[in-house]
1. Please indicate, with yes or no, whether at least one residue in region B:211-219 is in contact with a helix residue (DSSP H, G or I) (Cβ under 7 Å, 6 or more places away or on another chain) and farther than 28 Å from B:G276 by Cβ.
2. Quick one: A:E58 ticks every box in (1) within 14 Å of chain B (Cβ to nearest Cβ); (2) closer than 30 Å to B:R195 by Cβ bar one, so which box is it?
3. Looking at region B:28-37, is at least one residue more than 24 Å from the chain's Cα centre (by Cα), surrounded by fewer than 20 Cβ atoms within 10 Å (Cβ to Cβ), within 14 Å of another protein chain (Cβ to nearest Cβ) and of a type outside the set (K, R)?
4. If I ask for residues that are modelled with pLDDT of 95 or more and either of a type in the set (A, V, I, L, M, F, W, C) or more than 24 Å from A:K303 (Cβ to Cβ) (or both), which ones from region A:466-478 would you list?
5. Which pairs turn up if I take residues in region B:259-283 that are closer than 17 Å to B:M318 by Cβ and look for partners that are open to solvent by 60 Å² or more (accessible area, probe 1.4 Å) with beta carbon separation below 6 Å, at least 6 apart in sequence or on another chain?
6. So, restricting to helices (runs of 4 or more DSSP H) that lie completely within region B:208-306, which ones have at least 2 residues that are within 14 Å of another protein chain (Cβ to nearest Cβ)?
7. So which of A:F309, A:F395, A:F363, A:F385 ends up being over 19 Å from A:T204 (Cβ atoms), touching a residue at least 24 places away in the same chain (Cβ under 8 Å) and not in a loop (DSSP other than H, G, I, E, B)?
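The values are calculated or read from the model by the stated rules, or taken from the named source; none is laboratory data. Worth saying up front: this structure is predicted, and the values here are computed from it rather than measured. Cβ placement follows ideal geometry from the backbone for every residue including glycine, while neighbour counts extend to all protein chains displayed. Please note that ligands, DNA and RNA were not included when accessible areas were found on the heavy atoms of the full protein model with its side chains. Shrake-Rupley method; radii C 1.70, N 1.55, O 1.52, S 1.80 Å.
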There are 2 protein chains.
Amino acid sequence: MMEYPLLLSHLFNRGRKLFAKKQIASRTLEGVFRYTYADFAGRVLRLMGALKGMGVKEGDVVGTFAWNDFRHLEIYFAVPMLGAILHTINLRLFPDQLAYIINHAEDKVIFVGDDILPLLKPFIDKLPNVERFVVLAEKENAVPEDLEGALNYETLLETAGPIEPRQDLSEWTPCGLCYTTATSGNPKGVIYTHRGLFLHSMATGMVDSAGLSESDVVMPVVPMFHVNGWGIPFAAVGVGANIVLPGPKPTPKDLVELIEAERVTTVAGLPTVWVGMADTLLNERHDVSSLRVIVNGGAAIPKALIETFEKKIGVPIMQGYGMTETSPIVTVGWIKSGLRELPYDELLSIKAKQGLPLFGVDFRVVGPDGKEIAWNGKEIGELQFRGPWIAKEYFKDPEMTKASFTADGWFRTQDIVTVDEEGYILIVDRERDLIKSGGEWVSSLDLENTLMAHPKVAEACVIGVPDEKWGECPVAYIVARKGFQGSLTKEELASFLKDRVASFWIPGAFYFVSEIPKTSVGKFSKRILRDRYLSGIV
Amino acid sequence: MMEYPLLLSHLFNRGRKLFAKKQIASRTLEGVFRYTYADFAGRVLRLMGALKGMGVKEGDVVGTFAWNDFRHLEIYFAVPMLGAILHTINLRLFPDQLAYIINHAEDKVIFVGDDILPLLKPFIDKLPNVERFVVLAEKENAVPEDLEGALNYETLLETAGPIEPRQDLSEWTPCGLCYTTATSGNPKGVIYTHRGLFLHSMATGMVDSAGLSESDVVMPVVPMFHVNGWGIPFAAVGVGANIVLPGPKPTPKDLVELIEAERVTTVAGLPTVWVGMADTLLNERHDVSSLRVIVNGGAAIPKALIETFEKKIGVPIMQGYGMTETSPIVTVGWIKSGLRELPYDELLSIKAKQGLPLFGVDFRVVGPDGKEIAWNGKEIGELQFRGPWIAKEYFKDPEMTKASFTADGWFRTQDIVTVDEEGYILIVDRERDLIKSGGEWVSSLDLENTLMAHPKVAEACVIGVPDEKWGECPVAYIVARKGFQGSLTKEELASFLKDRVASFWIPGAFYFVSEIPKTSVGKFSKRILRDRYLSGIV
C-alpha cells in the first residue's frame, strides 16, 4: 500500500473540493457572519501565505487566544498545513499560568481576539519569544498602539498571496499543542500530530460514535481552546458538515437561538451549557427539533438532566469522555442494539456512563493489585488508554511523563472506574480523590452527587482526611441553598445519607461554607480544601 | 502521540471483547451454523496455534480456496494476526491461472473447501511450494487419501492450543494478497497491509460511506475471494455487527431466505446477484423489510434495476466502486444532503454514478492533454487514486507496476470518467475500450447499455475497430432475446439508436451472435472479440 501520509490537509482539501458550497456561520456581537467552504478555503490559503511571510516555518509554535469564530477556524487549518504547531491558549487560565504556557510553548506569533486582548496585557512584556501579535478584528478596528508591531488580521490577509498546503509533511509532524488545566503544579503540554487528529476525525465520523456527517449542522459550544475543540473543527470540515460557531461569550439564549435559526443538528459542550440551555428551553418557546444529538463531555452529566432533555425537550444526550492527553475523545456513550429495548431507568444508567471506546482506541483497567479488573460493574481500578491519538509524553516534561505513562506503553488517566459486562466504562472518582476507609473504597464523586440531591444543598464537595481508626475518612464541605444557609444541619444530612449509602460512607464531619474553592475551569479544587484541612483551616 | 500500530488484531480484539455475544450465522448445505463472537474468537486463537505449529511464520503466504463461511472468516483473522499473508484464491479463475497465482504467490499452506477440492486436482502436482493442504469440512469427513499430508480443519483445531495475536507487528506488515482477474496476460498480485485494511475498515464504518455499525446484520454476498470480501469481514468484526455468511453456491432464493430469516440489514454484492434477487422478490412473497441498504459493486448497476429495488421492493441501492488495487472501496454513491429533494429521475442519475471518494482517499482525473479535467460532467479523463489503502505496486512485477502507477505517485485505474459539479464520478468506459471516432469519444459502455435497453436485445458488446475514414469506429455484437433470434435486424437497431445517441456513435456493423465471450468472472471479453475481428472472424 502507498505510504500516503495522514495529514490534516486531506480534510481541508476534501472540504473545499467536495463541499465547496457548504456553509460556515459565525456569531458576532453584531449578528451572524456567513460564508461558504470555498470562501473559507481561499482565506486559509492566504493566511498560510501570510504566516510564511512572517517567517513561520515547520516546527514553529503559533498561539491563538480566541473565541469560537470563523477566524479561529481559519487559523486551525492554516498553521498545521504549513507544518507549524497550533497552540490554542485557554482564556480561562490564571494570568501566571497563561504566561507560563506561552513561554513554555515558545509561541512565536499569537493571534488574539481584540475583546480579550486585555487579559494578556498584565504580562505582555514577559513573553520574550513572541515576535508578533495579530489582532482578530474587522479591518476598521485599529490595532492598539501600545502593542508593538501588532497587525490586524484582515489587513494581513488582504495583502497576502495564497499558498497550497504542504503535501511533503510526515504524518508524525506535530500540528497542535494544548495544556492541561493543572489542579496542582504547572499546566502540562500535549503535542498532537497530523496522524493522531486525522484518525480522531475519522473516528468521530463513524456511526457508533458521534456520527458526524455531511448532513450535520454542527455547533461546537465547547471552546476551540479546549483540546482541539474536541476535534470538531477538523472533523466537520473533513466530512463537509455545515458549521455554526457561537462566537464570543454566548449565553444559553444565544445558543438556543442559533440552534433554532441555523437548524443545528449536533451540538457539543460541557454540562454547565446544558443546565443553562434546559432552563431556557423549559421557560421559553423555541424550536430545537433539528437537533439529532447533544454530545456532552468535560464532566459527567447527571441522570436527571439527561431525562429532562430526553423526555421534556425531546433531544437525546450522548456522553463522551476524554482528556487533553487523549486528543480528546476516547469513549462515547452510544447504546448497543441489544440494549435499546431496556426499561428507561436502565437505559438512563447506561447513558450516564462514559460509554464504549472508539474504534482505534484500546483501554484497560488496572486494579489495586496491579491486575486487570473483571468487567462486572463492581471492581474498580485505574482507566488506562493506548492508541493512535493518545499522548506518549508531556511536552518538555520528562518527570510528569514518567509519572503518567506506564513502562509498557499505556497512558494513566488517574480516573478510577468500573466496567460492566457490556464494556461500558463508569468513572467512580479521580484516583487522588478516592477515599479508603477501613479497607473499603468510598467514592467522593458518588457521595457528592448524593448530597447534592438533597433539596437544601447547592454544592457539596467531599475529601478524604487522615483518620486514626479507619486510616482515612470522608469529610464534606457544604454550600446550602439560598434560604437554608444557617439552618441546614449535619444531623439532617447524615440522616439523609443513612438510607442512601453504606454507613462507612457517612462523612466524619460536615463543614458549612459560603463557597467551595474552584479551579480555573470551574471544577471543585479539592487540593485547596485538603491543604486547608491539613493546616487546620476549614 | 503514541506509535500505536494500526493492526487487524485491533478489530479482532474489539469484536471479541466488546461484542462477545454478537452472532455469526453461516449457511451450509444442511442448514445454518451459528455461533457467537466469543466462540469465533476462541477458534481463531486455536487456529493461530495450529498455523504456528505447522511452521507458518511472519511473511509466509497462506492460501484459501473457499466459500463465504465461518471457517473462511476464522482464517481471515488468524493468518494476518500471526504476521503471515492471507492469499484468497479466486475459485472462478481458469486452471492455468490458478496454478500460476498459487506458484507466483508461493503459497505454503492452502485451506480448501472439500466440495471445491476437485478444481485444484488437475494441477495439484504442479504446486511445488505448497507444503500442506487443510480441508475445510466437518470432522467426520475423511480427508481424501490421494492428497498427501492433508489435514481436516476441525481435527487440526481440536489438537491446537490458543495463542494471542502478535502486538509487535509493524502496521506496514503485509497481511493479504489478491490477484486481479486479468483480461490479458497473467493475473497481477496486490499486497495489502494491516494499516491499509485497518483504515479501509474505519472508512466503511463512517456515516457518509457504507455506514457499517454494530446495529447491522451484514451479509457479504460478494465472495471472500474477491478483494478481501470488499473489506466487510474485517470491518464487520471491528464494529461488532452480526454477520451472515451465505456459504456454498447460494441461489437468489437462498439469499432472500437468509435476509428474511436473519433480519439482514446490509447486503453487498455484484449486479448479477441483484438481477436474480429482484426476480425472486417480484415473484414470491418475502419480507425483506429489515434491509437498510444494498451495496452494489464490481460493475455499475443499471438505473432500471435501482428503480425496481427502490420503488417496487422498497430497498435503497448504493453504488460502490473499487478495484483489486484499491483494497477495494474508494467511492460510494451516497447522496449529499442538499440533493436529496431532487426529482427522482435526477436522483436516479446520481445513484447510477460511482459516487464520492471515501474519507482518506484522493482522486484526480487526467484528461487526454495530461491536465486535470474540469468538474462539469462532460470532460473525460483517466481516474487516478492515491491514499492509504491504494496499492503502490504489483507483487513481483516491476513492468506492470511501471505501466500502472504514475511517476508522481498515483494509481492509474484505466477507467475513463467524468466528474460532475458536486464531485460525483461516473465511469464512461475502460480506457482501452473507449473509441475515438472522427476525433470524438464514443463510450462503448454507454452504447452497450443503450442497446441492451432494446426489448429484443439480451446482450450487447461494443468494440472499436480501425476505420479508414474516422480512425476508429464502433461495431456491435448482439445476442438477441429468445424468440427474436434470426428476426432482429441491424436496421431496427440503428433506427432505435438514432433518437438516443449522436450519429457518429451508431455502429458501423452489427454482428448477431449466439453468445459473447466472457472472462473468468463473467465480464464481456472485448479482447477476444478484438482479436477475432482483426483475424477476420466474427
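1. The answer is yes, given that some residue of region B:211-219 is in contact with a helix residue (DSSP H, G or I) (Cβ under 7 Å, 6 or more places away or on another chain) and farther than 28 Å from B:G276 by Cβ.
2. (1)
3. Within region B:28-37 (the criterion being more than 24 Å from the chain's Cα centre (by Cα), surrounded by fewer than 20 Cβ atoms within 10 Å (Cβ to Cβ), within 14 Å of another protein chain (Cβ to nearest Cβ) and of a type outside the set (K, R)), the answer is yes, since at least one residue qualifies.
4. Those that are modelled with pLDDT of 95 or more and either of a type in the set (A, V, I, L, M, F, W, C) or more than 24 Å from A:K303 (Cβ to Cβ) (or both): A:V475, A:A476, A:I478.
5. B:T265/B:R292; B:T266/B:R292
6. Hits in region B:208-306: B:232-239.
7. Only one candidate qualifies: A:F309.
Yes/no matrix, rows are residues, columns are (1) farther than 26 Å from A:P246 by Cα; (2) crowded, with 24+ Cβ neighbours inside 10 Å; (3) of a type in the set (A, V, I, L, M, F, W, C):
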residue: A:G59; (1), (2), (3): yes, no, no
residue: A:H72; (1), (2), (3): no, yes, no
residue: A:Y76; (1), (2), (3): no, yes, no
residue: A:M81; (1), (2), (3): no, yes, yes
